[in-house]
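See structure below.
Nothing in this text is a laboratory measurement; each read-out follows from the coordinates by a stated rule. Keep in mind it's a predicted model, so treat the numbers as computed, not measured. Quick reminder, even Gly has a Cβ in these numbers, built from the backbone with ideal geometry, and neighbours come from all protein chains shown.
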Amino acid sequence: MSSEKAMSPTGGADFRRVMEERPLNPISVAYVVRRENMLQAWSQVKANKGAPGIDGITIEEFPEFAQANWEGIKSSLEEGSYIPSPVKRAEIAKDKGGVRKLGIPIVMDRVIQQAISQVLSPAFDPHFSESSSGSGRAALRIRRFKR
């Protein structure tokens, strides 16, 4: 473990930042597409609900689609030939006028994205806690320096 001096986000006083060197475990597509990871990803996407993408497949219809097509999709992921579908464009009216533009991926792409995230997040941020609010603390630090 080493440390280095760093400036605060506002350029104020120095503080010490601990730099830990950790080996990065190999990450492979095979690890992403393993059954347990994909089922956990599906569970998260299902819980988030959401509208169907351009293919029209809903959350309710997805399990049947996935069972019928998973082997081919898994093979294309492992070979590196999988191409995500274009996203469906949607606009949502804002309370104060105007619209917010959204891109809605198909359910399969959402599941794959979630599966990748579940593998990469622990590798790149191993001490992340669901109960921590790093951005909130950073905002408090910035406000404190602006006084």
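One table, with the values for the structure above:
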| quantity | calculated |
| --- | --- |
| Distance in nm between pseudo-label sites at LEU120 and TYR82 (7 Å out along the Cβ direction from Cα) | 1.3 nm |
| Kirkwood Rh, Cα atoms: Rg over Rh of the stretch 26-124 | 1.02 |
| Karplus (6.51, -1.76, 1.60) ³J(HN,Hα), θ = phi - 60°, over the stretch 110-116, in Hz, Gly and Pro reported as x | 5, 5, 5, 4, 5, 4, 5 |
| Amide H partners (placed H, <5 Å) of GLY53, local residues excluded | VAL107 |
| Protection-proxy order for peptides 72-83, 105-116, 28-39, each taking the mean of Cβ atoms within 10 Å per residue, highest first | 105-116, 28-39, 72-83 |
